[in-house]
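Colleague: One structure, pasted below without further comment.
The values are calculated or read from the model by the stated rules, or taken from the named source; none is laboratory data. From a predicted model like this one, the values you see are computed outputs, not experimental measurements. Reconstructed Cβ throughout: ideal geometry from the backbone, glycine too, with neighbour counts over all protein chains shown.
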Amino acid sequence: MDQATLGKIGNKVDETKTSGKVEPSSARPEQSASRPVPPSDTVNLTSSAKLLARLDKTLETLPAVNAERVAEIRTAIESGDYEIDSAAIADAMVRLDRSFGE
């Protein structure tokens with residue numbers, strides 16, 4: 001190759017040089033602006049679900065056992081004053097059983 005040809009090649013290389021800066025879209029084409037952004041996940045709660053969430057929070061603050069009521073019943077049993085209404089218990093059991101069939 002002669003000097004003139006090398007000069008022409010050199011000029012062409014010089015013409016194609018860039019500033020050296022890399023734009024984000026050219027560096028990572030998978031993140032280009034033309035690509036749509038996927039929608040984010042969302043959750044819509046019904047009014048019933050919101051009510052259940054509030055009830056759950058309220059129940060967390062209550063004790064699991066009503067210690068005062070347990071103490072009253074214990075005292076009544078120990079003193080012989082606790083009366084059992086077998087008819088009321090039987091009625092409640094029947095109502096409960098029927099509610100399962102509905």
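Colleague: Criterion first (free of Cβ contacts under 8 Å to residues at least 24 places away in the same chain and under 25 Å from the mean Cα position of the chain (by Cα)) does residue 65 satisfy it?
Modeller: For residue 65, the condition - free of Cβ contacts under 8 Å to residues at least 24 places away in the same chain and under 25 Å from the mean Cα position of the chain (by Cα) - is not met.
Colleague: Among helices (runs of 4 or more DSSP H) lying entirely in the range 4-102, which contain 3 or more residues that are loosely packed, with under 10 Cβ neighbours inside 10 Å and at pLDDT 90 or above?
Modeller: 47-61, 67-79, 86-101
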